[in-house]
Amino acid sequence: MKTMLFCVLLLLTSAAAVPAQWAKQRDPRGPSLRDGKPNLSARTPRASDGKPDLSGVWMTDAEPVPPHILTVEGNYFRVSPHMIDVTADMKPEQVQMEPWAAELHKKRLQDPTADPGAYCQPVGEPAQAEIPFPYKIVQMPRLILVLYEENSIHRQIFLDGRKVVPDAQPRFYGYSTGRWEGDTLVVETTGFNDRQWLDRMGHPHTEAMRVTERFRRLNVGKLEVEVTIEDPKTYRTPITYKRRATVMSDDDLLEYFCTENEKDVPHYQQ
């Protein structure tokens, strides 16, 4: 069933290949090489408060789709492996699901058209950054905004010490608060609903899920995010992986809505 699983999502994400509409515009603050090209290996930029500046337009690094997964885009299509399988970096014995979760996961593998993302529903965190669309980080001392091109979604990460309101309404993207530990931004997100899948293979979670991300800007061009997913009602051990992204130094976000001219859903076979 994994062979047919991935077809559904690619029908919706193929718009990522549409040519850009913005003229190329280099950020003049970025360092350059002698030939004028951006120096992506230069030192990590710093914000006015001395913290690493995570600002920029980023695209999560991708790999060729594994050969056993059929895509409508052909063999050249590349995506983050964690978009397909959030446990891609883990050994099978490290992924210990509760019986109800294992049964639900099996059911979803048998019916990939049940994926909420296939109906243009929000994919939620932490999956949103794995979708093959760029995202922009806007950093301020007390707040970080993450703007996602896919469905023009935004995320707020508060750095002002606030606490999540008890019994807050569960959300697709939860409630994120951050703190700096040296040069690493640690973001903790809670308050999720249980309506989205962790990946396109249908790994489930409950409202008890907690996501911890550790952001490190390695240099001008590279961002690394260590992701830990904890949900004791679903998994007996945490799910962990690293997301790597490359800066798009001369590009910017476009408007994109999955539902615009969407024609796939009526053809899904239930």
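The values are calculated or read from the model by the stated rules, or taken from the named source; none is laboratory data. Computed from a predicted model, the values in this text were never measured in an experiment. Note that we place each Cβ from the backbone using ideal geometry, even for glycine, and neighbour counts take in every protein chain shown.
Results for (1) within 29 Å of residue 102 (Cβ to Cβ); (2) touching a Ser or Thr at 6+ places or on another chain (Cβ under 6 Å); (3) not hydrophobic (A, V, I, L, M, F, W, C), shown as yes or no for each residue.
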| site | (1), (2), (3) |
| --- | --- |
| 182 | no, no, yes |
| 192 | yes, no, no |
| 203 | yes, no, yes |
| 210 | yes, yes, yes |
| 249 | no, no, yes |
Return yes or no: is residue 130 crowded, with 19+ Cβ neighbours inside 10 Å and in contact with a Lys or Arg (Cβ under 8 Å, 6 or more places away or on another chain)?
yes
Looking at the range 227-263, which of the residues that are part of a loop (DSSP other than H, G, I, E, B), modelled with pLDDT of 95 or more and under 19 Å from the mean Cα position of the chain (by Cα) is surrounded by the most Cβ atoms within 10 Å (Cβ to Cβ)?
231
In the range 177-210, residues that are small (Gly, Ala, Ser) and either under 20 Å from residue 83 (Cβ atoms) or in contact with a Cys (Cβ under 8 Å, 6 or more places away or on another chain) (or both) total 1
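How many residues does the range 173-185 contain that are free of Cβ contacts under 8 Å to residues at least 60 places away in the same chain and assigned to a loop (DSSP other than H, G, I, E, B)?
Looking only at that region, the number is 3.
Does the range 143-155 contain any residue that is hydroxyl-bearing (Ser, Thr, Tyr) and in contact with a His (Cβ under 9 Å, 6 or more places away or on another chain)? Full working, then the answer.
First, pick out the residues of the range 143-155 that are hydroxyl-bearing (Ser, Thr, Tyr): 148, 152.
Then drop every residue that is not in contact with a His (Cβ under 9 Å, 6 or more places away or on another chain), which leaves 148.
Within the range 143-155, one or more residues are hydroxyl-bearing (Ser, Thr, Tyr) and in contact with a His (Cβ under 9 Å, 6 or more places away or on another chain).
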Would you be able to say whether some residue in the range 154-172 is out of contact with any helix residue (DSSP H, G or I) (no Cβ under 7 Å at 6 or more places or on another chain), surrounded by fewer than 17 Cβ atoms within 10 Å (Cβ to Cβ), assigned to a loop (DSSP other than H, G, I, E, B) and at positive phi?
yes
From the list 207, 213, 188, 224, exactly one residue is surrounded by fewer than 17 Cβ atoms within 10 Å (Cβ to Cβ), modelled with pLDDT of 95 or more and in a strand (DSSP E or B). Which is it?
224
Picked from the range 60-112 (must be among the small types (Gly, Ala, Ser) and farther than 14 Å from residue 205 by Cα), the residue modelled with the lowest pLDDT is 74
